[in-house]
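S.K.: What follows is a single structure, and I will ask about it in a moment.
The values are calculated or read from the model by the stated rules, or taken from the named source; none is laboratory data. Source: prediction; values computed, not measured. Reconstructed Cβ throughout: ideal geometry from the backbone, glycine too, with neighbour counts over all protein chains shown. Side chains included, ligands, DNA and RNA excluded: accessible areas come from the protein's heavy atoms. Shrake-Rupley method; radii C 1.70, N 1.55, O 1.52, S 1.80 Å.
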Amino acid sequence: LIWEPIESMPESNNIHQLYHLTRFLEYAGKRAFTHVTEFGGGYGSMCVRINRLLKPEGYNIIDLPELSELQKRYLKENDVEANLFNSLDFLESGETFMALWSLSETPYELRKEYLEKLDYKNYFFAFGDSFYDLQNKDFFTEFQSKRPNIQWKLEDFPFAENQYYLMGKS
């Protein structure tokens, strides 16, 4: 990564986001960031980081309508363009699908839809063993088994117990 642009990114969330980004870059390489679909984009912080540092050709964020409004404002303030969606209807395949804790916090019914639909070349997930009554390890194990053409790596998240990165590349 070229670190100079970070000086113009004032939020304290930078280190947190850049750590995640670096973990996936080390595994999948920069080529994984030509087209990115992020599920659960928060306020848009990761989108801004990736756009400033890696300059993808396209970036999609799938999120709730209320968060899409927040993302729209934040991205505009940071002069970053992204496509904002509230469903998976048009985003069934692509280069990289990223969900940092968001998919693991999604109800099972919606997860099943994602399990069947998503067809990407690269995946980057962060998840915990459980989220309230949602058990995540079985879901992500099944997710991997449905994509045998992907090379998977499960890695402990170093700063919290029972939290993991799951990274996949083709």
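S.K.: About the Cα centre of the stretch 8-145, how large is the charge dipole given +1 on each Lys and Arg Cβ and -1 on each Asp and Glu Cβ? Please answer in debye to the nearest 20.
M.R.: 600
S.K.: Let me ask something else about it. Hey, what do the phi angles of the stretch 44-57 turn into as Karplus ³J(HN,Hα) couplings, whole Hz, using 6.51/-1.76/1.60 and θ = phi - 60°, x for Gly and Pro?
M.R.: Values, residue by residue: x, 4, 5, 4, 5, 4, 5, 5, 6, 8, 10, 6, x, 6 Hz.
S.K.: Let me ask something else. Out of the DSSP beta bridges found with both residues in the stretch 48-170, what percent are antiparallel (nearest 5)?
M.R.: Given both bridge residues lie in the stretch 48-170, the antiparallel proportion sits at roughly 60 percent.
S.K.: Just how far, in whole angstrom, is the stretch 155-170 from the stretch 66-117 if you go by their alpha carbon centroids?
M.R.: 20
S.K.: Through the Karplus equation 6.51 cos²θ - 1.76 cosθ + 1.60, θ set to phi - 60°, convert the phi angles of the stretch 134-146 into ³J(HN,Hα) values in whole Hz; use x for Gly and Pro.
M.R.: Going residue by residue, I get 8, 8, 9, 4, 4, 4, 6, 5, 5, 4, 5, 5, 7 Hz, with x marking Gly and Pro.
S.K.: With each label point set 7 Å from Cα along the Cα-Cβ vector, what nm distance links Lys76 and Tyr43?
M.R.: 1.6
S.K.: For the chain, what size does the Cα cloud have along each of its three principal axes, sorted from largest down, in whole Å?
M.R.: 41, 31, 31
S.K.: Run lengths n ≥ 4 of DSSP H only: what is the helix-derived mean residue ellipticity at 222 nm for the chain, with -39500 (n - 2.57) per run over all residues, to the nearest 500?
M.R.: Rounded to the nearest 500, it is -10500 deg cm²/dmol.
S.K.: Given bins 5 angstrom wide, list per bin the percent of all Cα-Cα distances in the stretch 115-170, short to long.
M.R.: Result, from short to long distances: 4, 19, 30, 24, 16, 7, 1 percent.
S.K.: For the stretch 35-43, in order, what is each residue's ³J(HN,Hα) by Karplus, 6.51 cos²θ - 1.76 cosθ + 1.60 with θ = phi - 60°, in whole Hz (x at glycine and Pro)?
M.R.: 9, 10, 10, 10, 9, x, x, x, 8
S.K.: Leaving out ligands and nucleic acids, note down the accessible area per residue over the stretch 90-153 with a 1.4 angstrom probe, in whole Å².
M.R.: 52
S.K.: Summarise the accessible area of the chain (1.4 Å probe, protein heavy atoms) by the percent that is carbon and sulfur.
M.R.: 52
S.K.: Then there's this: In nm, to one decimal, how far is the Leu134 label point from the Glu116 one, both placed 7 Å along Cα→Cβ?
M.R.: Result: 1.9 nm between the two label points.
S.K.: Another question about this same structure. Could I get the Rg over Rh figure for the stretch 20-113? Both from C-alpha atoms, Rh via Kirkwood, rounded to two places.
M.R.: 0.94
S.K.: Working from the pairwise distances between different alpha carbons, so that the mean of 1/r is found and then inverted, what is the stretch 81-139's Kirkwood radius in Å?
M.R.: For the stretch 81-139, the Kirkwood estimate is 12.4 Å.
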